[in-house]
1. Which value, in Å², gives the accessible area per residue of the range 261-383 when a 1.4 Å probe is used on the protein heavy atoms?
2. Per residue, how much accessible area does the range 387-524 have with a 1.4 Å probe, in Å²?
3. 5 Å is the cut-off here: which amide hydrogens, built 1.01 Å from N in the peptide plane, fall below it relative to TYR233, excluding neighbours closer than 5 in sequence?
4. Please get the size of the charge dipole for the chain, origin at its Cα centre, with Cβ charges of +1 on Lys and Arg and -1 on Asp and Glu, quoted in debye to the nearest 20.
5. Between THR432 and ALA258, how high is the FRET efficiency from 1/(1 + (r/R0)^6) when r is the Cβ-Cβ distance and R₀ = 41 Å? Nearest 0.05.
6. Ignoring ligands, DNA and RNA, how do LEU62, LEU472, LEU102 rank by accessible area with a 1.4 Å probe, largest first?
7. Among ASN95, HIS516, GLY54, flag the residue with its Cα farthest along the positive direction of the charge dipole of the chain, charges on Cβ as +1 for Lys/Arg and -1 for Asp/Glu.
8. Modelled label-to-label distance, LYS524 and GLU473, 7 Å Cα→beta-carbon offset: nm?
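The values are calculated or read from the model by the stated rules, or taken from the named source; none is laboratory data. Keep in mind that what you see is a predicted model, and the values were worked out from it rather than measured. Here the Cβ positions follow ideal geometry from the backbone for every residue, glycine too, while neighbour counts run over all protein chains shown. With ligands, DNA and RNA removed, areas are computed over all heavy atoms of the protein, side chains included. Shrake-Rupley method; radii C 1.70, N 1.55, O 1.52, S 1.80 Å.
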Amino acid sequence: MRSSQIVSRLARALAQRQGQGAQRWGEAQRNLSAAANPEPIAPQDDSLAAHKDGKVLHPDLLNENMRKTQYAVRGELYLRAEQLKQAGKEIMFTNVGNPHNLGAQPITFTRQVIALCAAPFLLQHPKVGELFPADAIARAKQLLGAFAGGIGAYQDSRGNMAVRQEVADFIKARDGFAADANHIFLTDGASVAVRMALSAMIRDSRDSVLVPIPQYPLYSASIQLYGGTLLPYELDESKNWALSIDSLRKSVASARAAGKCVRGLVFINPGNPTGQCLSYDNLRELVKFAYDEKIVLLADEVYQENIYQDERPFVSARKVMMEMGAPYSTGTELLSFHTVSKGSGGECGLRGGYIEMTNIHPGAVEEMYKIASINLSPGTVGQVAMSCMVNPPKPGSPSFEQWKKEREGELASLRRRAHMVTDGFNSLEGVTCNFTEGAMYSFPRLHLPPKAVAAAKAAGKAPDVFYCLRLLEETGISTVPGSGFGQAEGTFHLRTTILPREEKMAEFVKLFRDFHNKFMAQYK
């Protein structure tokens, strides 16, 4: 049989199987004929070539959005810090909110439950009651009963239902309003949850997402990777990084006039890198703005436990929205994110997080479930850690006093360190720093002399990058330049964590002060 006859029969079979008419049959025949006898297609430019220098995955031929993506937290400064570390220099990694790497200890109850879930045979040991408290044993048994196959087995793509219900109960206790466990997805850290939301929201480059400047680079990197447009709105440093609704309105009006479709509004509360806490009234304004403008709110609330002042306690956007009543409580679309990586536990490496979807169309939730299913299941150890975070030991239980002491001790220490760092910065010539009200960072402004700016330009570096590289080389302190987060034109900043232990923080402040004074004297 000739090839043309084979193609004809295949086309007819395909058309009949799909219930198509003669017109579709002819179309299928032409398509199959073209596939059987393809014409060579010359690439229009080098980026469309199949390979280069003998490599298909040549850097010049990768996804253009991937090539444009930048992530400053682990950029040039971090790579140089790793090189210096390999060469034997002691490095203080204050570039990323990674508590355990800087000496924080895990919450004992969490690790006890994880240990028993990971090694369930310990539950049968005759001395298990001597090694583990009764409530940790009970929690491990409860979770193992809920996790079909144990933590070595895939769970539901949204996460185990028992843990999702614990998260829903935590949200209800926090906010005073019931939450639906079916609209809560557990994820491998909050970053995965954020990327899930942005990938669902961004369709092409017209789609824009409002992001605060300064911002956490997860947002700029992900928006670029998914082909959308970041729409900046500036926080006001002179007013303790206040959020302005007028600034948001101007950004939206400008974007829409330019033909953009504004889809989402990100806010980080408490702030990263700026450390500010939003007031109840600020949150009311945000909810009303999002409802009026038909924009989805993305509430990054991963630092909700990290509060270092009493004037503005953390309040969730969801609580504010619900207390506003209809139409806001029923019509504002809200995506909220949380994680086990921050707070007093600081379990970054366990990768546990969640996204809660409020007032999101059921069909959109189903689509996100479908996408989550591609990964089969979020990590189970992170889910166990989430269970322990949202449902900690209760008063009167064997583990409660130790859990309370560990949690309150860490948060009190962080509050003291927030003062140590910001007071240290504000004591320096040419440095100003708003107090770190929450989160894990300070974001001081560097008022660099003109000679330092000129020296940076001569070295081919942004001034804050130039400063941070010198700081790293001379002291071993690894920070992140403010340019990696976005900053007002003509200003220079850096971000550092407040995570070094108190005994190391005095050393940090002294090293920084000595370096800064020397730097300023050199370039006066």
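1. Per-residue value: 34 Å².
2. Working: 5690 Å² over 138 residues.
Computed with neighbouring chains in place, this is 41 Å² per residue.
3. VAL211, ILE213
4. Working: 59 positive and 54 negative charges, 217 e Å.
The calculated dipole for the chain is roughly 1040 debye.
5. On the way: r = 34 Å, r/R0 = 0.84.
With R0 = 41 Å, the Cβ-Cβ based efficiency is 0.75.
6. Working: LEU62 60, LEU472 0, LEU102 30 Å².
Descending order: LEU62, LEU102, LEU472.
7. Ranked along the dipole, the leading option is GLY54.
8. It works out to 2.3 nm between the two label points.
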